[in-house]
Amino acid sequence: MKTILITGGAGFIGSNLAESLLGKGYFVIVIDNLQTGFVKNISHLDNSENFTFIQADVNNYKEIAPVFFHNKVNFVFHYAAMVGVQHTLANPLKVLNDIEGIKNILSLSKSTGVERIFYSSSSEVYGENMDEVQNEDHTPLNSRLPYAAVKNIGEIYLKTYKKKYGLNFTIFRFFNTYGPRQSEDFVVAKFINQALCGKPITINGDGKQSRTFCYIGDNIRATTNALESAKAINQIINIGSNCETSVDDLAKAILRLTGSASAINYFPPLKEGDMRRRRPDIGKMKKMLGMDELISLDEGIKKTIEWQK
């Protein structure tokens, strides 16, 4: 039985990934410092004899080194990071500390024979650009925000360790994943909560800024397919949807699907961190990971509404 370590595994994406990998027959170890993750996200997994949770900070070498030296870890999903636009903007030094976690994971993986590292990068590395779609190989990486800079540094570390030590990687650039267990700091969960509670839906800016929203089930299916596909080795892959939706239309869809009579209130745009447009080129994801069929935004919102209720 192969062993998979997930850092940040008590978070939104990490906990859903842990659940899926257990169902596929892997032994799963989750590390999380519980700053933005929650025990409740993984407590139901304690029933499995193939699951272990360790509360530790990946930025502290001494806390995580024993996990590698006392277990034969085959694969690592490094998802631990400070997340959330406003949270990261308010705590730039804490964001920069995540570089230590990247270095620790890579060093320990190299020393203990890990086969491949899967890294959660972000669409934020593309910054504000004028390309119609963001392509992994051709779109410039020009974001200057600390969160995006750290993600970019992580990608460079992975490519360098491959070149120097032969440590394989797969880099995922996630685009606006949503669904059950997501914090209400993020737009879909926040809008649904406001609609269900009869509160006004709050939008910063004119609402014309656009995103592509990827349901958590599609995210997990893509990333677990990458684990089991040789085609994804040493690749950078956008993980998301190519169905572009304005924030205004997202709010209206949530009002329609919840049956809420909440108003939509507009506030001044954020000073930084709210890119005008996001749309990934997902050709590589479809070709390498077999992701031709994606859950529609309406269907994903319905599933999320039922969970949040």
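The values are calculated or read from the model by the stated rules, or taken from the named source; none is laboratory data. Source: prediction; values computed, not measured. Glycine also receives a Cβ, built like all others from the backbone with ideal geometry; neighbour counts cover every protein chain displayed.
For this structure, a couple of remarks:
- A Cβ distance below 6 Å, combined with a sequence gap of six or more or placement on separate chains, defines the contacts here; from segment 266-280, residues that are more than 15 Å from residue 174 (Cα to Cα) reach residues that are at pLDDT 80 or above and assigned to a strand (DSSP E or B) in the pairs 266/203; 267/204; 269/204; 270/204.
- Selected residue (only one of 91, 97, 74 is in contact (Cβ under 8 Å) with a residue 40 or more places away in the chain and over 15 Å from residue 152 (Cβ atoms)): 74
- Some residue of segment 139-158 being closer than 15 Å to residue 116 by Cα and more than 16 Å from the chain's Cα centre (by Cα): yes
- Check on residue 71, surrounded by fewer than 17 Cβ atoms within 10 Å (Cβ to Cβ), among the polar types (S, T, N, Q) and over 22 Å from the mean Cα position of the chain (by Cα): yes
- Considering the conditions (1) crowded, with 16+ Cβ neighbours inside 10 Å; (2) farther than 21 Å from residue 95 by Cα; (3) modelled with pLDDT under 90, residue 140 is excluded by exactly one of them, (1).
- Residue in segment 209-228 that is surrounded by the most Cβ atoms within 10 Å (Cβ to Cβ), counting only those that are of a type in the set (Gly, Ala, Ser) and closer than 20 Å to residue 181 by Cβ: 222
- Filtering segment 279-309 to residues that are over 20 Å from residue 233 (Cα atoms) and aliphatic (A, V, I, L, M) leaves 294, 295, 297, 301, 305.
- Condition met for residue 298 (within 17 Å of the chain's Cα centre (by Cα) and in a helix (DSSP H, G or I)): no
- Subset tally (residues that are at pLDDT 95 or above and either part of a loop (DSSP other than H, G, I, E, B) or outside the structural domain of residue 253 (by TED's automatic domain parsing) (or both)) for segment 183-197: 1
- Residue match in segment 178-191 (condition: surrounded by 15 or more Cβ atoms within 10 Å (Cβ to Cβ), under 24 Å from residue 236 (Cα atoms) and touching a residue at least 40 places away in the same chain (Cβ under 8 Å)): yes
- Residue among 287, 231 that is surrounded by fewer than 18 Cβ atoms within 10 Å (Cβ to Cβ), assigned to a helix (DSSP H, G or I) and in the same structural domain as residue 171 (by TED's automatic domain parsing): 231
- Count of segment 107-134 residues, restricted to those that are assigned to a loop (DSSP other than H, G, I, E, B) and at pLDDT 95 or above, is 3.
- Matching entry among 226, 251, 222 (being in contact with a strand residue (DSSP E or B) (Cβ under 6 Å, 6 or more places away or on another chain), assigned to a helix (DSSP H, G or I) and over 24 Å from residue 151 (Cα atoms)): 251
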